[in-house]
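Visitor: This is the structure I want to talk about, given as structure tokens.
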Amino acid sequence: MSKHLLEMARERSSFLAGTPLHPRRHPLTSGRRCGQYTMNQQITKVTEKPPFDRSSSQDSMDEVSMEDYWTELENIKKSNENRQEDQEVVVVKEPDEGELEEEWLKEAGLSNLFGEAAGDPQESMVFLSTLTRTQAAAVQKRVETVSQTLRKKNKQYQIPDVRDIFAQQRESNDKVPDGTESQSVRTNENKYRGKDDRASSLVVGEKELILLVPEEAPASETDINLEVSFAEQAVSQKESSKEKIQKNRGDDGPLPNFRLPKDKTGTTRIGDLACQDMKKVSYLALIELTALYDVLGVELKQQKAVKIKTKDSGLFGVPLTVLLEQDQRKVPGTRIPLIFQKLISRIEEGGLETEGLLRIPGAATRIKNLCQELEAKFYEGTFNWESVKQHDAASLLKLFIRELPQPLLSVEYLKAFQAVQNLPTKKQQLQALNLLVILLPDANRDTLKALLEFLQRVIDSKEKNKMTAMNVAMVMAPNLFMCHTLGLKSSEQQEFVMAAGTANIMHLLIKYQKLLWTIPKFIVNQVRKQNTENHKKDKKAMKKLLKKMAYDREKYEKQDKTANDADVPQGVIRVQAPHLSKVSMAIQLTEELKASDVLARFLSQESGIVQTLKKGEVFLYEVGGNIGERCLDDDTHMKDLYQLNPNAEWVIKSKPS
């Protein structure tokens, strides 16, 4: 089937490059089994183009890259035929009624609301009270489904009606967690909205494809709003943008250059927070993602893989967690599989200027032999890497990704990644990807990050290797998305939709990777609010206990104040640096003082061996108060952060590996 689709892609490329085709043979207007293809007038305007030349025609690169997709799919199928080994297939269980919602509530940290784990709903009250209206609606919808299902099954479990919890929230002047009025959501979103915040599209039958666009054209720049819930933004934007999106549907503009606006309290990235806070971030990210999909009318179905027998050693076809366990015995602290790192290193040793890098496959028989040799000799250190040609290493890298027992994007969220193509605007697609990256298991996320960084380095040499972001996206998409569905029967239309959609998602992952590892400020604010409320609750319980034990409450309250309050004057913070020669320093807060300035003051006083410490090896941390622990970026304005978290301590230390 993909050979036929390859022919279609070539015909489509020829048509869009200006070569006339007979109307009945044109793949986008004929009544083939792929379905009726219709094109917006704005798209057909690009037909006046010279014949395609891979080395010079940048504008048509996105059209011919469809051919790269189908060629890559053919290469994958040939590779699979050549690999005779029996491989376990991940079986995805079709969930029973209510089971999906029950699993969702567990993943969102709300398992104590139902079933045998049901307990005091007060345990979840703090968490639920910090949710936005759209997040609360998403939770309520799933709780009600589980409740109805359990009643049908005559289960006697008690399910609290969370509507009472959310009713109080709705009455609190419709405020969002950071204290700003929801009325300002629309205003704030308008401030951040760019003129190109819409997805270019092509209608295939009743399905809309999101097309890639030439990246050489001038792109608009627009800030992405991380201060207001994405779902709340979608609500305010939905009606006001409806007419605009329909009017501009098919506008083949370039992807916007989304950027993060400067945040004086600092940008928080994945890896900056302590484990306990990161767990809360994951719960909130799942609820926010679900709320966003609910608002936009896109179905979000998590998958659950049935446990299968997998290899417990080796390199290819081994679960990431198992692979990292055996790697960490060799190199403690390893977060990315050693074989994955070595294959990337081998490709780069050959030079990233090689034309057709990642697109041109190695010989199938040679790849099979190299796999067997690597399995036997890699950990012994006797494998001869000089025998691996550059295109072989690229093929082995893609093979490694495909043969993971579970997808790199995870079984649970692979469909959610695919569903990103159904979101109406580029900004909402980016927002969803941001939340999905947060939700990935650590091993998957770290490996994906290494892959995307490598792909960007390949793209940086596009003038010589002829591999633009769109070409790379088309080549890599089948390896991350399609390999786990190759055994399933699908129509040509479904394959074409999958091709365009997954390639678009791959393109977004590569282009916006620096943004995707950012934790939205509104989620960090929700975590801060949860910590504050939990601290109040714990403090109240402690006071009650102390009173019962006849302790002097006044004495306790005095002890409860931090030492900093006693010996540090107003407007001054004390920074601790236990591993440096200057272990403590009082620093006056000013409007201009940044985290980088604090670090510089400490490092400038180092001498001897410690002086070799460089910027980037130690960091300033915000510890305690309304956050567990947070690594600060250099541009954090200390006075603004102090006002947000006055009870925090400030510590300089290195990041844990």
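None of the figures in this text is laboratory data; all of them are computed from the coordinates on show. Everything numeric here is computed off the predicted structure, so don't read it as measured data. Glycine gets a Cβ as well: all are built from the backbone with ideal geometry, and neighbour counts include every protein chain shown.
Visitor: In whole angstrom, note down how far apart the Cα centers of region 341-359 and region 632-652 are.
Guide: Between the Cα centres of region 341-359 and region 632-652 lies a distance of 42 Å.
Visitor: Right, another one. Once the piece of chain linking Ile360 and Lys77 is laid out straight, how much longer is it, given 0.36 nm per residue of separation minus the C-alpha distance between them?
Guide: Numbers: separation 283, 0.36 × 283 = 101.88 nm, distance 1.48 nm.
So the chain would gain 100.4 nm between Ile360 and Lys77.
Visitor: Rounded, prolate or oblate, given the Cα gyration tensor of region 340-388, with a/c below 1.5 counting as rounded?
Guide: Numbers: a/c = 2.63, a/b = 1.46, b/c = 1.80.
Oblate is the answer for region 340-388, as a/c is 1.5 or above yet b/c matches or exceeds a/b.
Visitor: From the square roots a ≥ b ≥ c of the eigenvalues of the alpha-carbon gyration tensor of region 373-466, which class results: rounded (a/c under 1.5), prolate (a/b over b/c), or oblate?
Guide: Cα axes put region 373-466 in the oblate bin.
Visitor: Okay, next question. Pull out the extension gain between Val322 and Gln588, defined as 0.36 nm times the separation in residues minus the alpha carbon to alpha carbon distance; nm, one decimal. Show your work: numbers first, answer last.
Guide: Details: separation 266, 0.36 × 266 = 95.76 nm, distance 4.91 nm.
Result for the pair: 90.8 nm of gain on full extension.
Visitor: Using the structure shown, select from Lys449/Lys655; Lys462/Lys511; Lys78/Lys368; Lys238/Lys262 the pairs with a Cα to Cα distance greater than 21 angstrom.
Guide: Working: Lys449/Lys655 18 Å; Lys462/Lys511 14 Å; Lys78/Lys368 12 Å; Lys238/Lys262 26 Å.
Over 21 Å apart, Cα to Cα: Lys238/Lys262.
Visitor: Now for a different question. Label points 7 Å out from Cα along the Cβ direction at Asp460 and Asn257: separation in nm?
Guide: 1.7
Visitor: Continuing with the same structure: Report, in debye and to the nearest 20, how large the dipole of region 250-300 comes out about its Cα centre when Lys and Arg carry +1 and Asp and Glu carry -1 on their Cβ. Please list the in-between numbers first.
Guide: Details: 6 positive and 8 negative charges, 87 e Å.
That gives a dipole near 420 debye.
Visitor: Now for a separate question. Could you order peptides 470-476, 319-325, 273-279 by the average number of other Cβ atoms within 10 Å of their residues, highest first? Before the final figure, lay out the partial values.
Guide: Values: 470-476: 28.0, 319-325: 17.9, 273-279: 15.6.
Ranking, from highest mean packing down: 470-476, 319-325, 273-279.
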